[in-house]
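Here the structure comes first, spelled out in structure tokens, and everything after it is commentary.
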Amino acid sequence: MTYSMKVKEEICNRDLSSVEIFAELSAILRYDASLKDNQISLTFENALIARRVYKDFKTLFNISAHITVRDQKRFRSKQVYILDIKENAVSVLERLNILKDGNFLEMNRNYLGDPEEMVAFVQGAFLVIGSLNDPATGGYHLEFVFDQEKDAHFFNMLLHEMKFDTKVLERNGKFMVYLKNSEEISDMIRMFQASNSLFYFEDIRIYRDHKNMVNRLNNCEIANQEKSLQAGMKQIKDILYLQEHDLVDLLDDKTKVIMDYRLKYPESSYQELASIIAMETGYTIGKSGINHHFIKIKKLRETHENKKN
């Protein structure tokens, strides 16, 4: 079972108030149902979601949907659950603000009142047209796929009102409202009250964040080591030049000490070099002091080269 389906099944195991059921069922029918010959038809690949919708019809309208189970062998063998509502189908759609005088109504923000209704509406949409990547196997990605562009933009507006930074994208003739921010995806799972799925998501997120932080620190350390090595090799070239041209005696004794220890420890950083010198000679010096001596060494080399030219 996919992670997305686990979230949906956890949602289906929650009890809702009649107001929440109304909003949830409104989204399910609006975005996933078909109406033909005054009959509502819905198709699900998950038995728990089909049972949830069947229960919603019974609770709200005292209507028993007809359920058909079919084996589908296209690509892979699986069962699909078809719910047909023949009794008062048009009346149901009118009460859910989907149909009026035989015409479909565009979704209106006024149809949803308090925040609980908004959450239930989003939750209903997620059950039928939503999907969520498993954070352990891919990137963070949650999406809702709509047939109609106007539906996608309304839903995007609704999620923005709920403080989710979603975006709309057209893909293969469909319109996708998607979310990639891991913290906001976590907030949406929390909003659905899918606790077990949330704990799993957060565990993976913490692990990945920690791993990324360690990688960044390692990369930073490697970069610093490379920088120290490159600087050390340039300084050694300066020192060897001074030795080759008998210029070392023009430097003071402390600078000569720094030169000797750079030759011994070419890969050491300034801080490491200062610590070694302090431990072996008792001469206390900081990173800025080390840098000052190497500036003197470099300047002496440059001065000599300029005179030669």
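Every number here is computed from the coordinates shown, using simple stated rules; none is lab data. The structure presented is a predicted model; accordingly, all values stated were derived computationally and were not measured. Cβ sites come from the backbone with ideal geometry, for glycine too, and all protein chains shown count toward neighbours.
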Exercise. Which condition number in (1) buried (at least 19 other Cβ atoms within 10 Å of the Cβ); (2) closer than 22 Å to residue 49 by Cα is the one that residue 164 fails?
Worked result: (2)
Exercise. Are any residues in the stretch 81-130 among the β-branched types (Val, Ile, Thr), over 13 Å from residue 35 (Cβ atoms) and touching a residue at least 60 places away in the same chain (Cβ under 8 Å), and if so, which ones?
Worked result: 119, 122, 128, 129
For this session: Taking only the stretch 1-55 into account, find how many residues are β-branched (Val, Ile, Thr), crowded, with 21+ Cβ neighbours inside 10 Å and part of a strand (DSSP E or B).
Result: 1
Exercise. Counting only residues that are in contact with an Asp or Glu (Cβ under 8 Å, 6 or more places away or on another chain) and in a strand (DSSP E or B), which one in the stretch 68-108 is farthest from residue 20 (Cα to Cα)?
Worked result: 78
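Could you pull out the residue among 140, 178 that is of a type in the set (Ser, Thr, Tyr), touching a residue at least 24 places away in the same chain (Cβ under 8 Å) and surrounded by fewer than 19 Cβ atoms within 10 Å (Cβ to Cβ)?
178
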Exercise. For the stretch 244-259, which residues satisfy the criterion of being free of Cβ contacts under 8 Å to residues at least 12 places away in the same chain and surrounded by 12 or more Cβ atoms within 10 Å (Cβ to Cβ)?
Worked result: 248, 256
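When you scan the stretch 121-189 for strands (runs of 3 or more DSSP E) that lie fully inside it, which ones turn up with 2 or more residues that are acidic (Asp, Glu) and in contact with a strand residue (DSSP E or B) (Cβ under 9 Å, 6 or more places away or on another chain)?
On the way: elements: 130-132, 142-146, 167-171, 174-179.
The strands (runs of 3 or more DSSP E) meeting that bar number zero.
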